Amino acid sequence: MKDSLSPLLYRLPLLWLALFISLPTLAATVKGKVQDTFSEPLVGAQVVVQNSSKFATVGLDGSYQLTDLQVGTYTLSVAYLGHKPLTRIIEINSANQTIILDLQLEQQHKELHEVTITGSAPRGTEVEARQMERLSPNTINVVSAKAIALSPDVSVANVVQRVSGLTIERNSNGDPQYALVRGMDKRYSYTLVNGIKIPSPDNKNRYVPLDIFPAALLDRLEVYKSLTADREGDAIAGGVNMAMKSAPEYLEIKADLQLGYNYINLLEGFDQFNTAVIKEQSPRDIYGAAYQAQAGDFTRKNLETKNIAPLPDMLSTVSVGNRFFSDKLGVMLGSSFQNAYRGTKSIWFDAETERFGTNQPALRELQERHYSTQQIRFANHGRLDYRLNSNHRLNLYTGYYRLVNNEAREIRTTMLDGRNYNPAAGNAILAYSTRTRVTRQNILNSTLQGEHQLLAPLLLDWSVVYSSASSSRPDNARFSCNGELRDFVEQPVNVERRSPRQWERNSDTDLSGFLNLQLKPEHWNGNLVKAGAMYRSKDRDNYFNRYLFDPNPGRQVQGEHWDKFSDISWEVVNPAGSANDELNYKATENILAYYALGQLNILNTDINAGVRVEQTRQGYTLKTPKEFQTPDSTQIYTDILPSLSLKHRLNQAMNIRFSYYKAISRPGFFEVVPYVLEEDGYDEVGNAKLNRVRADNFDLRWEFFPTATDQLLAGVFYKRIQDPIEYAVVRQGVNNEPVIKPDNYGTAYNYGLELDFCKYFNRIGLKGNYTYTHSRITTTKALRTREDLNDPSSQLTVINVEQARPLQGQANHIGNVSLLYKNQERGLDAQLAFVYTGERLETISPFLDNDMYSRPITQVDLSVEKRISKKAEVFVKALNLLNSPYEVYIKKPVYQEEGKTIAYPYQTNMNTRTLIRRDEYYQSVRAGVRLTF
């Protein structure tokens, strides 16, 4: 027995040692949060245990944790740029102790001769964004510069799609261009720079393309969803305000350089054309109105395209800011340059919906398109502020933004409705088209502002603004030719079709003045009264000239008469051009507005009530009117716009707010011109009697801000819209012919709900929003039917019927989710962003049940950043990872002739719906480096 126990006894010390090692070591933990005086998490700060190697990095939610501390006394220190260092001594009395220690760092204040900068929420941070949402008298959403920097977004148009209740309208390259607020058309919102409305470079409308503004120059993006009386009243849906970078408190130098590539250019190549040969002026401009243009006056080299492998995209931004003269003068200068090569692979179906009296879309053509667009963005930005003394301050902002699109479009058209179309035998009539155009858009804004504390309770501020916007499209050229597919082989093409060349340009100039006076005595406990006035004078000039060309002789075959476009012989059909086109007009608009409001706090409720009066004088003058046209017209009207905002503080972290405001939307400049545009279906005409739109708007929102960066918002909205402007079929003229015309249509309704949340953990952040929108309007539709429904051979007739539908651009469901990761120890940041847009009404058809809808689309983007030094980081951004296509369809089956069934290409669900358009943009990737000093 003893012998059998001996080995075990010998091993007992080893077993006890192994058991001891395997037991958890008892050690203390110190944890808490590191914040500034505004409860902003000081993300990335390090809590250091002095005289040791232990430290902890502050996470996204401001938390830190120090572990494995033994019994004893420790000195903890923490420092953060722009804040006073902090030291704390702690004592650990037991090995299993947990100490909760929150650390709050004060900002370093700069003492000027007569001014003390006491600080506000740190500029461009998430806490500033949440603070603005919480304290604003109106309903707003704010995207911070910090959130923009981490996102994959290049332009402001990319940023707005991540805001609750906002969708975007894309251009032909798939890039976001216009913002649609709460499912309402872009006409119902306005765009501001530093709170000042800017003009549009569009040749017909008021709305501003947001893709012209680089996101890197923003301090923050604000979206107004309700208005107070001190804001301009022509924003029924809301407004988008770009707060541009301002001078920092310390020297700040930031620069980044990005290179990237679009995958579609590897698959399809890039069609390039010579932009240097394009003449900026038409022959009429060069030689005078009486000149008869000849074919030799026009270059032909701009219509010759070459498929190439383009250079990588390049994007760069630099900004420099500092304060001078004892910090009285602040300067911020910034510049951005972007050169990108974008492509789109697209199919379009031309569908005729009235020909057979079945009210079903009959396919006429299939167009296979390839777009190649070189985008060049350039921006210069300067902002100065000068503090004269503690009571007087001046600000000057000047921004210049330019977007150039060099676009080549190649189309291969297959005729689907002729006897020659036989896909099984490989026979079809074909057509080819090349279009090249250069579009240059410019926006300039210069604003001088002053703030003056006249007396202790009286504040006066003023602004003088010069803004201009312009667009030019010189020698927009198109070339078409015919061909044939015979036994699956494409035959030589011939030129026998008319081709246009046109020059377009427009300019818009605004001169504005603002004056505001605020009375806020100290014994009023934060209550105030405010009054002000605004005057704006707007002048718009529009130019259009088009020449038409016929081949001479009438039929020229490639390979026999010509090889490249410059070999073709042409004659000018209209040598004098088309200077009498209705797009040649001048427009003016003068607005005088004044308001008064009061702000009162009663029982934890902030009340902001006011009224605004806007007097408008809007008119046009045709440069060369035709006999049947009214050469000029003027509308004069006055609107009284009341507003009321209530914000009740349930506790320090929770608000409930209600707002009401009345707003208007003025007609577009071109809509009131008596134009006639010849279209493939019905002609489109203007309406000089078009009225402005008026709307009553209601918002109710519950807000919860558990921390300075976390939030949960839930709200509902309702809009009653009087005289909305929509395009519909009407009958007019001597022959009572149907035309498409903008008009005011009764009353429309738009309502919905919004949810918005943001939550940060130590290294993980989750942000998202969801919006449900429902709208309804009734307009006139055309229905072409048989006089005798039982007799398919009876004569076709057109009747008008009323149909209810959503507002154009509205999607019932919109959602955004962003997953963020931040590892301070490794200097790693990442964001995975999802954007979902539900089915949306894209295009209004003049025919019953033939409106066009876009399919739901989900876009996924990824951004990863890695810090490689204290001043440098590298990053990779990938967009449209799923290659989500943009598809538009009619909710009716494809028309098939009786006894025939044709399997049309790309029509995978032709028995239930008709595909009209499908665009693919493919993935794009950018990599870059960012420097911060």
- Where GLU571, GLU560 fall by accessible area, highest first, once all protein chains stay in place (1.4 Å): GLU560, GLU571
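All other residues with a Cβ under 11 Å from the Cβ of GLU825 taken together, and with Lys, Arg as +1 and Asp, Glu as -1, what is their net charge?
Local net charge: +4.
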- Query: For PHE761 and ASN422 in one chain, what is 0.36 nm times their gap in residues minus the Cα-Cα distance, to one decimal in nm?
  - Reply: 115.8 nm
- Residue separation between LEU515 and ILE100 times 0.36 nm, minus their alpha-carbon distance, gives in nm 144.2 nm
- For a label point 7 angstrom out from the Cα of VAL798 toward its Cβ, which stretches of segment 658-688 have the backbone nitrogen within less than 19 Å? 675-687
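Please compute the net charge surrounding LEU416, taking Lys and Arg as +1 and Asp and Glu as -1 over other residues with Cβ under 11 Å from its Cβ.
Result for the local shell: -3.
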- Distance (nanometres) between label positions extended 7 Å along Cα→Cβ at ARG617 and HIS813: 5.2 nm
- Taking placed amide H atoms and a strict 5 Å upper bound, the residues 5 or more places from GLN108 or on another chain that come that close are HIS83, LYS84
- Note on the structure: Between GLN367 and LYS900, the FRET efficiency computed from the C-beta separation at R0 = 30 Å comes out, to the nearest 0.05, as 0.85
- To the nearest 10 degrees, how steeply does helix 2-22 sit against the main Cα axis of the chain, on a 0 to 90 scale? 60 degrees
- Near ILE212, within a Cβ-to-Cβ distance under 13 Å, what is the net charge of the other residues, with Lys and Arg +1 and Asp and Glu -1? 0
- Message: Solvent-accessible area of THR358, probe 1.4 Å, all protein chains present, reported in Å² to the nearest ten, please.
- Response: 60 Å²
- Please give the length that would be gained between LEU266 and TYR400 if that part of the chain were fully extended, namely 0.36 nm times their separation in residues minus their C-alpha to C-alpha distance (nm, one decimal). 44.9 nm
- Query: Probe 1.4 Å, all protein chains in place: accessible area of TYR466 in Å², nearest 10?
  - Reply: 90 Å²
- Item | Over 28 Å (Cα to Cα) - which of LYS204/LYS564; LYS767/LYS877; LYS586/LYS719 fall in this group | LYS204/LYS564; LYS586/LYS719
- Query: Which whole-number percentage describes the relative contact order of the chain, with Cα contacts under 8 Å and a sequence gap of 6 or more?
  - Reply: 11 percent
- Angle in degrees between helix 126-135 and the longest Cα principal axis of the chain, rounded to the nearest 10: 80 degrees
- What distance in nm separates the simple spin-label points at HIS392 and ILE607, each placed 7 Å from Cα in the Cβ direction? 3.8 nm
- Here, GLN652 and PHE834, labelled 7 Å along Cα→Cβ, have an inter-label distance in nm of 3.6 nm
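Tally up the carbon and sulfur contribution to the accessible surface of the chain as a whole percent, 1.4 Å probe, everything protein left in place.
On the way: 22160 of 40880 Å².
Carbon with sulfur: 54 percent of the solvent-accessible area.
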- Item | Whole-number accessible area per residue in Å² for segment 128-191, which is evaluated in the context of all protein chains at 1.4 Å | 19 Å²
- Query: List the lysines whose alpha-carbon lies under 28 Å from that of LYS900, not counting same-chain residues fewer than 8 positions away?
  - Reply: LYS891, LYS892
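The values are calculated or read from the model by the stated rules, or taken from the named source; none is laboratory data. Just so it is clear, the structure is predicted and the values come from calculations on it, not from any experiment. Cβ coordinates were reconstructed from backbone atoms using ideal geometry, including for glycine residues, and neighbour counts include every protein chain displayed. Heads up: the accessible areas ignore ligands, DNA and RNA and are worked out on the full protein's heavy atoms, side chains in. Shrake-Rupley method; radii C 1.70, N 1.55, O 1.52, S 1.80 Å.
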